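Just below is one structure, and these are the notes that go with it.
What follows draws every value from the coordinates through simple rules; no lab data is involved. Computed from a prediction, not measured in an experiment: that's the story for all the values here. No Cβ is skipped: glycine too gets one built from the backbone with ideal geometry, and neighbour counts run over all protein chains shown.
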Amino acid sequence: MNPLMEQLYNALGGLAGADGLSRLFYMLFPSFLIFELPMMILVMLGVLRWFARRRSRVPKISLYQPRVSCVITCYSEGMDVQTTLLSLCEQTYGGHIEMIPVVDGATVNQATLAAVRSFNVDPQLYPRRHLRPIAKWQRGGRVSSLNAGLSLASGEIVMALDGDTSFDNNMVSAIVRHFEDPMVPAVAGSLRVRNVWGSWVTAMQSLEYLLSIHMSKIGLAEWNLVNNVSGAFGAFRRSFLVKIGGWNTHTAEDLDLTLRIKSYFKRHDLRIPFEPEAIGHTDAPATLSQFLMQRLRWDGDLFFLYIRKHNRNISPKLLGWKTFLMILLTGFFFQLVLPFIIFTYTLLAIFILPGMTLLFLFSLIYLLYLTITLLMFGAMLLMISDRPRQDMTLGLLVPFFPLFMLLLRCWSVVAMLNEMFRRGHEESSMAPWWVLKRATRF
């Protein structure tokens, strides 16, 4: 340790009255920065690059208007599916849009089936919009619905959409233009929380979507490092999707498909863009228990995919070194290892450190993450937000965001332990148990 750092630790120990163990915790304090700061810098540099490129971009008129098929997975949305269909009818896109709502388990989902069947597409009001509903009488799960829709899709571009998600009217135009590049097999769209102020849980998720998902994907896309094409809103080149066999069974089909697409990156020099102007609006879980159950599935699925299902496919020979190293960092370390480090650090600090030392140390960590959050929130408002007045109100939540993220990381540990010892992905509500049990075990 260099003399300057040693003096700093001595000073901190003196201020807090730290003993030997307390001093050890102070010495470990910067370890979070070693891993997280480079990633934040990479994202911010990508955002700055995107912002500069957008300001100097000359508007381009394109005649590329392929037929687009929207596969909409429906299960228990009821009349909400009509909002989704209407938002697709009202797209400003000049080409044909084929809407394929797939009602899973239609025998018991009569309300959703009736909503789909009663939706009328007026050919005078909405030309080049076509409705082709599918009633899947026996429930097979989300993957089954997506593949059923893909089998009947006639568009060059296939979008996978949730039945309770609505879209800005320039969504299709914004996302399709990327497919002019033949090296683009998929494009990630952006999601916003529709029920922002439904509860404090939805409000915090709204801020998370903006900072941890929307902003991060903008930054990472500049380096062709988009980590996932969302299952609620993604677009794919149909020929490529058919070539790799469509969607696969088990849960987290979105990340599974993204990893399978990335396994072709090195051989074909592919890229996955993120389109921030293509925005979908979805309802987030409104209660803490619903939110925790959602993340129990999401974070457990990460362990299942990275460790059990795709452990042999994650190699530089398939992914290329850049994508391989990024998956090691963001997939393995940030999502699987770092939560255990933070959880263990927090637990040990609570049980080992004296009260005042604990308060002092956690105050330092909180102020550090609060500063980072403020910087990211300011950059989001100044460079990214297309709704600055609406997003500015989320600034009230910034002081609580570091605590929210700490909760998420600690809960991620619970989710991964649930997957390790109980194979939690087999208890998912995304598919019936018999579908998950018949799927190949990993």
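Annotation for segment 128-180 versus segment 184-253: alpha-carbon center distance of 15 Å. The simple spin-label model puts a point 7 Å past each Cα toward its Cβ; for Ala232 and Arg49 those points are separated by 2.8 nm.
Multiplying the residue separation of Asp181 and Asn224 by 0.36 nm and subtracting their alpha-carbon distance yields 14.1 nm.
Within the listed set Leu382, Leu255, Leu396, the residue fluctuating most in the Gaussian network model of the chain (springs between alpha-carbon atoms under 10 angstrom) is Leu396.
For segment 68-294, what class follows from the C-alpha gyration tensor (a ≥ b ≥ c being the square roots of its eigenvalues): rounded when a/c is under 1.5, otherwise prolate if a/b is larger than b/c, else oblate?
On the way: a/c = 1.36, a/b = 1.11, b/c = 1.23.
In terms of gyration-tensor shape, rounded.
You can think of it this way: the chain between Asp269 and Trp321 has 17.5 nm of extra reach, that is 0.36 nm per residue less the Cα-Cα gap.
Could you work out [θ]222 nm for the chain from helices alone, using -39500 (n - 2.57) per DSSP H run of at least four and dividing by all its residues? Round to the nearest 500 deg cm²/dmol. Please list the in-between numbers first.
Numbers: 20 runs with 218 residues, N = 442.
Roughly -15000 deg cm²/dmol at 222 nm, from the helical runs in the chain.
Checking every one of the trypsin sites (Lys or Arg not before Pro) in segment 300-336 against DSSP loop status and a limit of 10 other Cβ atoms within 10 Å picks out Arg312.
Just checking the listed ones, Arg55, Arg142, Arg297: in the Gaussian network model of the chain with Cα springs under 10 Å, the one fluctuating most is Arg55.
Note on Val337 and Ser154: the model spin-label points, each 7 Å out from Cα along the C-beta direction, lie 5.1 nm apart.
Extension gain, Asn311-Thr346: 0.36 nm per intervening residue step, less the Cα-Cα distance, totals 9.6 nm. What the Cβ-Cβ distance of Leu382 and Thr107 gives, at R0 = 51 Å and to the nearest 0.05, is a FRET efficiency of 0.50. Read through the labelled values [x] 77, 53, 47; [y] 87, 58, 41; [z] 73, 57, 42 and report the label of the one computed as Cα extents along the principal axes in Å from the structure. Label of the calculated value: [x].
The listed peptides 144-156, 345-357, 173-185, ordered by packing as a protection proxy, come out as 144-156, 173-185, 345-357 (highest mean of other Cβ atoms within 10 Å first). Candidate cross-link partners of Lys309 among the lysines, defined by an alpha-carbon separation under 29 Å and a same-chain spacing of 8 or more, comprise Lys136, Lys217, Lys243, Lys262, Lys266, Lys317, Lys322, Lys437. Modelled spin-label separation between Asn170 and Thr92, with each label point placed 7 Å from Cα along the Cα-to-Cβ direction: 0.5 nm. Efficiency by 1/(1 + (r/R0)^6): what FRET value for Leu375 and Asp283, r their Cβ-Cβ distance, R0 = 45 Å, to the nearest 0.05? My answer for the efficiency is 0.95. So what's the angle, to the nearest 10 degrees on a 0 to 90 scale, between helix 3-16 and the longest Cα principal axis of the chain? Once rounded, one gets 90 degrees.
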